[in-house]
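Just so it is clear, none of the values below were taken in a lab; they were calculated from the coordinates. Given the structure is predicted, the values throughout are model-derived calculations rather than measurements.
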Amino acid sequence: MKTTLGICQRKKRFETEEEALAVVARAEVTLRPYRCPLCRRWHLTSRTKGMRLPRFERERRAPPPDAP
Ligand SMILES: [Zn+2]
């Protein structure tokens, strides 16, 4: 994903992925946190194509590995 400096400065910034994921979990729309190559912090995007699923969504979809 191409991140411009303008987008970086306009976007909300999170210090940690956990902080960003906390917002994603509460959001009504689908968001993905991503590591910004410019500020090295986390932003959110609604563009999910090619983005990996956050851990809590993977766990929600996949059964636990030790399920019978
Ligand atoms: Zn940034």
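Rounded to the nearest whole Hz, the Karplus-based 3J(HN,Hα) values (6.51 cos²θ - 1.76 cosθ + 1.60, θ = phi - 60°) of region 23-34 follow the sequence 6, 4, 5, 8, 5, 7, 9, 6, 10, 10, x, 9, with x at glycine and proline. Were the residues from Leu38 through Asp66 laid out at 0.36 nm apart, the gain over their Cα-Cα distance would be 6.1 nm. Computed extension gain for Arg55 through Cys8, at 0.36 nm per residue and net of the alpha carbon distance, reaches 14.5 nm.
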